[in-house]
Amino acid sequence: MNKRNKWFIGFVLSSCFFSSCGIIEINGYGSDIKKLTKEERNYLQEFVAFNQTEPGYIYPINGEQLKTEIKKYPKALVYDFKSNCVSATCYPLSTFVRYAKEHNYKLFLILNSYASLNETIDQQIKQPIFVMDHLYYQTNVRSKYSNRFIADMLKGEEMQISKESYPSIYLFEEGKLVGFAEDLLKL
């Protein structure tokens with residue numbers, strides 16, 4: 001066994017030990033729904049239909065539901081985000097609201113995890129926010145349910161997204177994907 005493999009195995013074992021002892025808490029691996037406070041849980045609502053959602057609440061949906069709703073609008077923008085994003089390409093949600101309004105897009109804000117939900121709630125966006133429904137995809141592993149959600153949303157689209165690209169913004173016209181980007185400034 002080489003030095004790199006020994007280091008990796010040591011890292012994994014120590015991570016498991018510390019996380020099981022409660023010394024280290026890893027956010028973002030799963031949906032993090034169990035880490036929500038009672039106050040944060042008050043913002044979660046059961047999804048019935050898009051026309052029955054209210055601003056300020058968070059609704060779990062799947063990619064098929066979103067795809068069906070996108071088809072109802074001439075132009076739609078989907079922003080797949082996480083609350084605690086610290087990347088240079090992460091902007092306040094109000095930036096996406098403004099961009100969508102200025103360019104006549106119906107905006108869908110889609111959380112891919114419940115981690116740091118208070119950061120999203122504190123932005124007080126005056127529209128509903130959706131979260132990827134990990135229960136629908138029968139997994140709590142964020143990378144799995146997120147990939148399945150995006151696959152459902154893009155089902156039947158000819159535009160290929162390379163495996164090296166990690167877009168978080170998807171643009172649709174008449175229900176068809178017309179573009180995607182990792183950064184709002186690159187649209």
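Counting only residues that are open to solvent by 40 Å² or more (accessible area, probe 1.4 Å) and touching a Ser or Thr at 6+ places or on another chain (Cβ under 8 Å), the range 84-112 holds 2 of them.
What tally of residues in the range 72-83 results from selecting those that are open to solvent by 50 Å² or more (accessible area, probe 1.4 Å) and either within 12 Å of Leu171 (Cα to Cα) or under 15 Å from the mean Cα position of the chain (by Cα) (or both)?
In the first step, residues of the range 72-83 are kept if they are open to solvent by 50 Å² or more (accessible area, probe 1.4 Å); the result is 72-75, 82.
Keeping just the survivors that are either within 12 Å of Leu171 (Cα to Cα) or under 15 Å from the mean Cα position of the chain (by Cα) (or both) gives 73-75, 82.
The number of residues fulfilling the criteria is 4.
Applying the selection to the range 90-119, what residues are free of Cβ contacts under 8 Å to residues at least 40 places away in the same chain and either at positive phi or outside any loop (DSSP other than H, G, I, E, B) (or both)?
Taking the range 90-119 as the starting set, the residues that turn out to be free of Cβ contacts under 8 Å to residues at least 40 places away in the same chain are 90, 92-94, 97-98, 100-104, 106-107, 109, 112, 119.
Across the range 90-119, the qualifying residues are Leu93, Ser94, Val97, Arg98, Ala100, Lys101, Glu102, Asn104, Lys106, Leu107, Leu109, Glu119.
Against the criterion of being out of contact with any strand residue (DSSP E or B) (no Cβ under 9 Å at 6 or more places or on another chain) and open to solvent by 20 Å² or more (accessible area, probe 1.4 Å), Gln160 qualifies.
For Gln127, the test of being open to solvent by 10 Å² or more (accessible area, probe 1.4 Å), assigned to a loop (DSSP other than H, G, I, E, B), under 22 Å from Glu182 (Cα atoms) and modelled with pLDDT of 95 or more is failed.
Exactly one residue among Glu46, Glu54, Glu25, Glu64 is open to solvent by 70 Å² or more (accessible area, probe 1.4 Å), in contact with a helix residue (DSSP H, G or I) (Cβ under 8 Å, 6 or more places away or on another chain) and either modelled with pLDDT under 95 or in a loop (DSSP other than H, G, I, E, B) (or both), and that residue is Glu25.
The values are calculated or read from the model by the stated rules, or taken from the named source; none is laboratory data. These numbers come from a predicted model, not from an experiment. In this analysis, Cβ positions are derived from the backbone assuming ideal geometry, glycine residues included, and neighbour counts consider all displayed protein chains. Surface areas here come from the heavy atoms of the whole protein model, side chains and all, with no ligands, DNA or RNA. Shrake-Rupley method; radii C 1.70, N 1.55, O 1.52, S 1.80 Å.
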